1. May I ask you to verify whether A:GLU7 is within 18 Å of the chain's Cα centre (by Cα) and away from DNA strand F (no atom under 16 Å from the Cβ)?
2. How do the pairs read when you match residues in the range B:1-21 that are away from every other protein chain (no Cβ under 14 Å) with residues anywhere that are away from DNA strand E (no atom under 16 Å from the Cβ) and open to solvent by less than 70 Å² (accessible area, probe 1.4 Å), using Cβ under 6 Å and keeping only pairs 6 or more apart or on different chains?
3. For B:HIS133, which of the numbered conditions (1) surrounded by 15 or more Cβ atoms within 10 Å (Cβ to Cβ); (2) away from chain A (no Cβ under 14 Å); (3) in contact (Cβ under 8 Å) with a residue 24 or more places away in the chain fails to hold?
4. Would it be correct to say that D:PHE17 is outside any helix (DSSP H, G or I) and within 18 Å of the chain's Cα centre (by Cα)?
5. Looking only at the range B:175-183, decide whether some residue is in a helix (DSSP H, G or I), surrounded by fewer than 19 Cβ atoms within 10 Å (Cβ to Cβ) and at the interface with chain A (Cβ under 10 Å from one of its Cβ atoms).
6. In this structure, is D:ARG92 more than 16 Å from DNA strand E (Cβ to nearest atom), modelled with pLDDT under 95 and out of contact with any helix residue (DSSP H, G or I) (no Cβ under 8 Å at 6 or more places or on another chain)?
7. Among the acidic types (Asp, Glu), within 16 Å of DNA strand F (Cβ to nearest atom) and surrounded by fewer than 20 Cβ atoms within 10 Å (Cβ to Cβ), is that true of C:GLU68?
8. Testing A:THR74 on (1) within 14 Å of chain B (Cβ to nearest Cβ); (2) away from DNA strand F (no atom under 16 Å from the Cβ); (3) open to solvent by 40 Å² or more (accessible area, probe 1.4 Å), one condition comes back false. Which one is that?
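The values are calculated or read from the model by the stated rules, or taken from the named source; none is laboratory data. What you are looking at is a predicted structure, and each value in this text was computed from that prediction instead of being measured. All Cβ positions, glycine included, derive from the backbone under ideal geometry; neighbour counts span all protein chains shown. Note: areas computed on protein heavy atoms with side chains; ligands, DNA, RNA excluded. Shrake-Rupley method; radii C 1.70, N 1.55, O 1.52, S 1.80 Å.
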There are 4 protein chains.
Amino acid sequence: MSADKKEHIILTAIDLFATKGFEGTSIREIAAAANVNLAMINYYFGSKEKLFESIIEYKASHSRVALEELVQDTSLSPIQKIDATIDGYIDRLFGHRNFHRLIQQELITHTRTTLQTHIVNNIIYPNSRAISHIIEEGIQKGDFKEVDPRLTTITLVGTINQILLSTRYCSKMLSNSDDPDYNPYEDESVKNRVRNHLKLLLHEHLLKK
Amino acid sequence: MSADKKEHIILTAIDLFATKGFEGTSIREIAAAANVNLAMINYYFGSKEKLFESIIEYKASHSRVALEELVQDTSLSPIQKIDATIDGYIDRLFGHRNFHRLIQQELITHTRTTLQTHIVNNIIYPNSRAISHIIEEGIQKGDFKEVDPRLTTITLVGTINQILLSTRYCSKMLSNSDDPDYNPYEDESVKNRVRNHLKLLLHEHLLKK
Amino acid sequence: MSADKKEHIILTAIDLFATKGFEGTSIREIAAAANVNLAMINYYFGSKEKLFESIIEYKASHSRVALEELVQDTSLSPIQKIDATIDGYIDRLFGHRNFHRLIQQELITHTRTTLQTHIVNNIIYPNSRAISHIIEEGIQKGDFKEVDPRLTTITLVGTINQILLSTRYCSKMLSNSDDPDYNPYEDESVKNRVRNHLKLLLHEHLLKK
Amino acid sequence: MSADKKEHIILTAIDLFATKGFEGTSIREIAAAANVNLAMINYYFGSKEKLFESIIEYKASHSRVALEELVQDTSLSPIQKIDATIDGYIDRLFGHRNFHRLIQQELITHTRTTLQTHIVNNIIYPNSRAISHIIEEGIQKGDFKEVDPRLTTITLVGTINQILLSTRYCSKMLSNSDDPDYNPYEDESVKNRVRNHLKLLLHEHLLKK
DNA sequence: GATGAATGAGTATTCATTCAT
DNA sequence: GATGAATGAATACTCATTCAT
């Protein structure tokens, strides 16, 4: 099968899984939505579960986070790294919100434990730890106050996740909108507002006066 | 059927739905786990979906949030209300984390739109709005800075949600533990740490110097 | 489900499995032939494999062989026991030839090893050993010659099995018939011929002159 | 395709079919085990069923039984022919037991009727009839008693078949062994024992005193 | 001639739900 | 009111086979 077709199936599956959940999506639906033969999905991915794993793998390799490099960049001050992290996170997660929701769902439930361990150990935790390292570096350098680096990281990540959690909730909270067609994640003013809020919040929390 | 039995089924279902997702849980499993007849669940709740709605309803009525009252309490200052909110949220959500995860799952996915609208409109949004009101009150009174009340609310709620998201992630982040049997949510030191972090964070963010 | 219906399914399945093999028979076919709902078979037997096991169990309990008693019967001489065994075997196996073929198929193939072990250890081997015991008793008593008891048993059992193996082969060999509708197993003259042959053969082989 | 490759596929298929049955074996498995392309099997043999037929054909032509010649050999007495038959059968069938089991399976079940007819008419029955002819010749010559030639043949063939039926049964009966790795068919002492038993048995049965 | 890719029809099994009692 | 039995529709998956290259 062409790599294109494989990618097409994966992208289709991400949207469906994100929208209806893993168990709530049948490979029939995926096949229909991707306009490919039902048997081919099993033929090429092996099983529904392996398709899921392929999605994780695909995304992990295609949207590799630049956080590690950021941590080791010596040309930036800690607070500049925090700002860059906020900007990068918002751009990336808002853009890939369906995949992000997929991951969130997988983390909430306790089925497929080994896959979950993989996601935490190789995707989620490394990112969070990188942010924590930046904060620890700032503390060490004397730029930042003696905050709780892990919980500060969780606040940063959690704020964005809370926004991405539900379109409906986000629309109501940030735009007072009940319009089901309004997409707050592609509204630049919303993104800017989130960026400013997080930067303000973390500057106050981290920087010594 | 006795109300007790009904409650028993609901509590059993919450745990299963939270752990395996709505579509990932069969009413057979619920019947077996609750030790009741399979047909009885349909007989009393009507359908699997209606059982889900009953869970929402039951929880909404049994753990009604005291936030509305808090907002209107004139004996407390805004920052005292914020502190009380943090304490209350942590206690309540950590204690009912399975139901909370259930709600989160429902919000992430887009199936059962009307139920989701119900949850957002009647449970999640009112709570968030109440917190926002407290912040707005603090701004109006001149106690708080001119922050973004909605996003500050989202930070408060999102931080706790991020912690509740995944036991595994939480254990690694807050206790450096890979032990699958360790339950961070019943570790008082973890709860205290979260409380202190959030209060420090929000005091800095909200209070004028 | 009524025991009758369960039995009906089992009897239908025996015929189909015997005719088309285990993997060659679908539970769809069984359901159709037994005129029951497809899902009910899985509902009551658990799986196709468990249905197979139920067949074994059912037959084992319904056609318990009287061989053990025969062995310990002190009123009969060893050669009388051999004759009784021949008569009993022919009647029973000719009558239940489809179940018998089922067992044979299961023994030839090496799938479902544990079930096969069960069949050999609990059904086939005990019967053969009982016959061997009779022969050993005859040798010990001085009635029989010093033959190989195990191989003599195999000859007895193998002769009958060879006849039951294939209707077509049996018809050609014993009746010179190519008529596909002719059933040699319900032809009394065939049964008699087999009985006489086996008795003559074994008398010569076993009895001292 | 080279004849070698074709033969390789056939030999691989014999083992798989014998072990797991015709319907229990997929051509995918055969392709994988023979290390050839899946499509090639269909391409060269036409279909799974035709592959089966090719196996029959291949074996029939490669292990053509010398029985016909034996019958017409005038230099041997009837009892010498019987002895030669016993020796030849044991050697050949023990050596090709997988192919033999394949044939047995095909005879037990009633699927593929025309193929079965072919096997009976062209392979099994001619062999059995040849043996019967030897016996009839012995009777005619006055060497043998007036036994039932057909049933005596069945006893000869049936005894060997019963031994070949199941490794497990054979091991338990002839070696009191439960060791799954023990192969009684390559144990020379077992073969000798069978030879001696059959010769003794048939000499007594056939030869006039 | 040989084969990777594709597919329609099939498999066993599980599901939520209904119904007769 | 309560429940064992039953069922139609769906599930993931596998199959032998075909076909374009």
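1. Against the criterion (within 18 Å of the chain's Cα centre (by Cα) and away from DNA strand F (no atom under 16 Å from the Cβ)), A:GLU7 does not qualify.
2. B:ILE10/B:TYR58
3. Status for B:HIS133: all satisfied but (2).
4. no
5. Among the residues of the range B:175-183, at least one is in a helix (DSSP H, G or I), surrounded by fewer than 19 Cβ atoms within 10 Å (Cβ to Cβ) and at the interface with chain A (Cβ under 10 Å from one of its Cβ atoms), which makes the answer yes.
6. So D:ARG92 fits the description; yes.
7. So C:GLU68 fails the test.
8. Of (1) within 14 Å of chain B (Cβ to nearest Cβ); (2) away from DNA strand F (no atom under 16 Å from the Cβ); (3) open to solvent by 40 Å² or more (accessible area, probe 1.4 Å), only one is false for A:THR74: (1).
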